[in-house]
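Novice: Have a look at this one.
The numbers here are math on the coordinates, done by the rules we state, and not lab data. What you see is a predicted model; the values in this text were computed from it and never measured. Here the Cβ positions follow ideal geometry from the backbone for every residue, glycine too, while neighbour counts run over all protein chains shown.
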Amino acid sequence: MDKARSRAVAQAFDEPPMYDPKAIPSYEAMARETPDQYRAIKNRASDLRLSPVNLEGYPYGANPREVALDVGDKGHMAFFKTEPRGRCFRYRRRGQHRAEPPAAAAVR
């Protein structure tokens, strides 16, 4: 492992502001699009088995091809669970999520 590169990557993730109002439209779009994507998958492949999993149960590692093979060969797809009430991303280090205003508004 290249420790200098790892430190540089970690620093790059820490540099953006914790709250950036410019990010809100993207997160709102994601909140609208995700249910639509789910419905499209279910409508096209009604026999597809979908499995919500935690990080520990994620079967695909870092290879997106594994997802395609699971769907095509086994009729199955795993996906990460979300928090209750439509909230995504459990990132909570040093305060709020990068796209949330200080009041921590939930996706509605």
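Novice: Looking at segment 30-78, which of its residues are surrounded by 13 or more Cβ atoms within 10 Å (Cβ to Cβ), touching an Asp or Glu at 6+ places or on another chain (Cβ under 9 Å) and in a loop (DSSP other than H, G, I, E, B)?
Specialist: Tyr60
Novice: A follow-up question, please. Can you pull out every residue in segment 1-17 that is assigned to a helix (DSSP H, G or I) and of a type outside the set (Phe, Trp, Tyr)? Steps first, please.
Specialist: Of segment 1-17, the ones assigned to a helix (DSSP H, G or I) are 3-14.
Hits for segment 1-17 are Lys3, Ala4, Arg5, Ser6, Arg7, Ala8, Val9, Ala10, Gln11, Ala12, Asp14.
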